[in-house]
Structure formats: C-alpha cells, structure tokens
1. So what is the 222 nm mean residue ellipticity for chain B from helices alone, if each DSSP H run of at least 4 adds -39500 (n - 2.57) and you divide by all residues, rounding to the nearest 500 deg cm²/dmol?
2. How much FRET efficiency would the formula 1/(1 + (r/R0)^6) give for residue B:82 and residue B:123, where r is the Cβ-Cβ distance and R0 is 56 Å, rounded to 0.05?
3. Suppose each label sits 7 Å from its Cα in the direction of the beta carbon; what would the residue B:144-residue A:170 distance come out to in nanometres?
4. What size of dipole, in debye to the nearest 20, comes out for chain A about its Cα centre when the only charges are +1 on Lys and Arg C-beta atoms and -1 on Asp and Glu C-beta atoms?
5. Could you check the spin-label model distance between residue B:152 and residue B:134? Points 7 Å from the Cα along Cα→Cβ, value in nm.
6. Once amide H atoms are built 1.01 Å from N in the peptide plane, which residues 5 or more positions from residue A:135, or in another chain, come under 5 Å H to H?
7. Hey, got the average number of other protein chain Cβ atoms within 10 angstrom for residues in A:254-265?
8. Show me A:72-85, B:192-205 ranked by packing, highest mean number of other Cβ atoms within 10 Å first.
Amino acid sequence: MPVYRSTPIAPSEITGAALYARRRDFIKAAGLGAIAGALGVRAGLAAAEQERGKRIEGIVKSSFSLDPLNEKATPFDKITGYNNFYEFGPDKDSPLKHAHRLRTRPWTVLVEGEVKRPLTFSVEDILKWALPEERVYRMRCVEGWSMVVPWVGFPLNELIKRAEITGNAKFVEFWSLADPEQMPYVRTPFLDWPYTEALRLDEAMHPLTILAAGLYGEVLPNQNGAPLRLVVPWKYGFKGAKSIVKIRFVARQPQTVWTKAGPDEYGFYSNVNPDVDHPRWSQATERRLGEFFKRKTLPFNGYAGQVAQLYAGMDLRKFF
Amino acid sequence: MKTASGRAFNPAFSPTPNQLAAVKTALFAVALIPLASLAYGGFNDGLGANPIEFVTRQTGTWTFNFLLITLTVTPLRALSGQHWLLRLRRMLGLFCFFYAALHFTTYLWLDQFFDIDAIARDIVKRPFITVGFAAFSLLLPLAATSSNRAIRRLGGKRWQALHRSVYLTGILAAAHYFWLVKATALIYPLIYAGLLAILLGWRAKKRIASYGPFPEKAGASLRPIRFFRSRP
C-alpha cells in the first residue's frame, strides 16, 4: 500500500497557534485579506483547524436517543448559530462570530481533588476510552427555549472509573477554560470566571450524563463547547459546562458560577421542572427552535422515568 | 455680531412649510426602516433561530431608541437654538408608541398566543412584565392626546404636565430592561439607563438652576422670610 506524504514544512514557516487564532482580527485590522489568506492556507495545518468539521468514525447508536419519528433533531445551523457561551460574548450569535479564536488542540483535562493522585489526560486519550455514541437528546434552556441535539459522546462514568476517586468524593466540579486571549469576554465582570458547574456524584455516574465531543456526526464546533463538554439532558442547559479543562471531585456541594450570580434564580440542581418557575418567568412552556407554537415543558425534560428516583423524597421546590 | 441683549446672534434656521414637510416625510420613512427590516427578515428567513424572540427584542429596542430620541429634542433645541426641531417631536413620540404597541402585540400574540390567564399571571407575578406593562399603559394617554385639538382642549399647562409622565415611562422602561436580562448582558440596559440619566439629569439641572440662588450672606438670612407679597 503506497504511503502518501505531504511536502515537509519547516518549523519556521508555521504560524504560532496564538497568532493563528487571531488571524481574522488581523485580516480585518490590516485589510490585507488576500496576503493573509495565502499565508493562512500554508499555515492551515494547525491541529485545531484539522479537527474542524471532521467526521467522527465508528459512531454507534444509543437506545437513550429520542425517536426521530416523535421529535426531529434541530437543524445544524440553528444548533451552531444560537448559543449561550458568554466567554465569547453576550448575544446568541456572539459564539458563532468569536469562537474561532478557541484553540482546541493541544488540550488536556486535569482530574484532581478527592482522587488518589491528580491525573492529566489529553483529549486524544479521553476519546479512545469508549466508542463514540450518538445521543439525540432534548436540550432545554433555562430561558425558555429548547432544541433537539444529536450529540456524539460517551458516558461521563467512563472518566470517573479511571479517576481513582476516594471515598470522600460526593460531588464533581467542572471547570471551563477562561483564557482572555482566546475568550475576550472573560475580561468582563458579568460572571465570576472561570465558568464552573457541578453535579452530585450519582448524577454524574448516571448513564444519561455524557461528555460530548461532537454533534451531527462531526467534531464539536467551537461555539458548542469544543473539544469536550458536559451534557446532562434532564437539567437546564447551563449545567452543561463547555470546553472543560478541569474536573474536580469534592466532598461538599460546591458553589457554581450561576448560583453565585443569582442564588434565587439558578439553583444547584436546576432540574427541568415545569412546576417551579424561574423568579422572572414561567417554566411551564418552552419554544422549540423552528416551531411556531410553544410546547409544554416536561418534568425532568422528559427523562423522569430514568432520573426521578435520584431525587426521591426531596422537595424539588426547595432544591430547585 | 451681538444682539441688544449681548448674546451671540444665532441665525436660527426656520424651515419653510415645504422644507418642513420634506424633513418630516424623510423622518417618517427612516423611522419605518426597523419595521421594514423585520418584515424583510421575516420573508427571507433572516430572523435567526428564534424569530419570535428576535422580533420581541427588536421592537423593544426600537421603542426605547425612539423614547430616547424624543427626549433628546428639548436639550438639543436648547443647546443648538434650532427651535424648529420641536416640530418633529410629536412624530418621534408617536413612533415610540408605535414600536411599543408592536412590542406589546408581539408578546400578546406571538409569545403568549392570547392566553389571557397566562398573561394576567405574568403581569401580576413577573416584575419585568409588570413594569413593562405599566410603561406601555402610561404611553396610551400621551398618544391619545397628541393632536393639536387635544392640546387646545387640555390647555398647554395641563397638557405639558400630563406629557411629563414620559420621564416616569423612561425610568420604568429602564427597570423593565434591567429586570429581563441576565447578568452577562447587563451592559445593554446599563447603556440605555446611562443615556436616560443624562437626558433626565439635564432637565433636573435646568429646573434647579431656575429656582435662583440661595441667599449667600449671613445677613440675608437674618431677615424674615417673606411668604406673601402683601399682608394676608
């Protein structure tokens, strides 16, 4: 079998990743689009760029996915063009505009806290642990809209199995990247950066909880939280931390970025619940993107059968 | 050139009736651009992934924009001496009402689908809806008394007193905006509230200045304060 090799590129010719990520700003600022474009093509071998839009091989179906006959997946351009990712700006279209600055390779995830020893995994290693599964889940935003996303990922418990946690570990904390070079809006004081989220250990172990690395069969677009994000389909979307760089096991229930920002508005659990209103709006209905009429919101976002027992005996109004 | 009063002569521009009509027509057309762009987006799939939210936001934003523009007329006129600007104020105020009505209709029709129960609950329970509804309600009498006939019937003084309620509407609109956004988007209501504060602050400063100076010398305060011009 012939082996094809591309012409080698001298290290001096390779644009630094930091400069490369800012290339669009550079083009805008200097107005040298054509020249920069030509340089960009030559330098376009950056590993992060190679990942963009790549098909993920060997995806297996999952019985946890929604039935496409009942609920159709939201179109790709809506899932990737309507995002809350405040590190990249305050508007729904800001992430699409600015997330190209994110460098998703090289990327490592530090696992620490209540573990025998802290471990650092590269994202390439993590993606080899389990077969990529397609999980078509509902995604309900706390703001009152929803979509259906065909995620590609694997159960978070695959990571927890490898983390060698101690008996003290009761909660898992997820830390997102907060690099002002790549994420311009972490310079604004509107959230207490870095973005952190957390789950109870049994929630994190639940087979519905996944780390997603793709959607629609492709490598996860940056604006959706590349290279690795949390997806917990029975909770409001903001619980799903994006672009995770650190996972910490802790003994006590940690503060999360949104409970710090509004303790009466965003609870630790934040399970989707049509009967518990947000203080400023009702959660009884939702607008599925692409639909004209509002839908009724389902308890636990329609996953009550799988997860309600995790909260047996708890007052869901108190632990909202 | 100086006038008799010693102030710099200001050759105030005063448009002829034809010129004024042309300016008003142009302004009318420009003020309809936001609506036209929404309509264009609606027919060309240009309203984003959540069109109803987009329309609600755009109509709300343009209501506030026209409110601020309307409140700018008086300071601008005072600072520039271009008194004819006053003749555009009614149209600007009515456009504020027009976009407010579209905003409210979007909420009633597209967002809540005339679910009167849900709307009533919203108005009572959600502070940002309560305040927004109050702001819209305050605009209704102003729109209703915008004609020359209404001004004559009310009398200038009372008409002006009624229309000063627009300052309260501005404050309610700012509160509505603050209450509805998340912490991460606070920058927008902060900008609007800042502009409103400048426009209202200018009026407050002028009002305070018109009260005249306080007596400065100690001797002046020893004299009894005169309540009445003559003995009652």
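1. One gets -22500 deg cm²/dmol as the mean residue ellipticity at 222 nm.
2. Working: r = 41 Å, r/R0 = 0.74.
That pair, residue B:82 with residue B:123, gives E of 0.85.
3. That separation, rounded to one decimal, is 6.1 nm.
4. Values: 44 positive and 35 negative charges, 62 e Å.
I would put it at about 300 debye.
5. Here the answer is 3.7 nm between the modelled labels.
6. Result for residue A:135 returns A:151, A:152, A:153.
7. Across the residues of A:254-265, the mean count of other-chain Cβ atoms within 10 Å is 1.
8. Peptide ranking by packing, descending: A:72-85, B:192-205.
Values in this text are rule-based calculations from the coordinates and carry no lab data. Every value quoted in this text rests on a predicted model; they were computed, and no experiment measured them. Quick reminder, even Gly has a Cβ in these numbers, built from the backbone with ideal geometry, and neighbours come from all protein chains shown.
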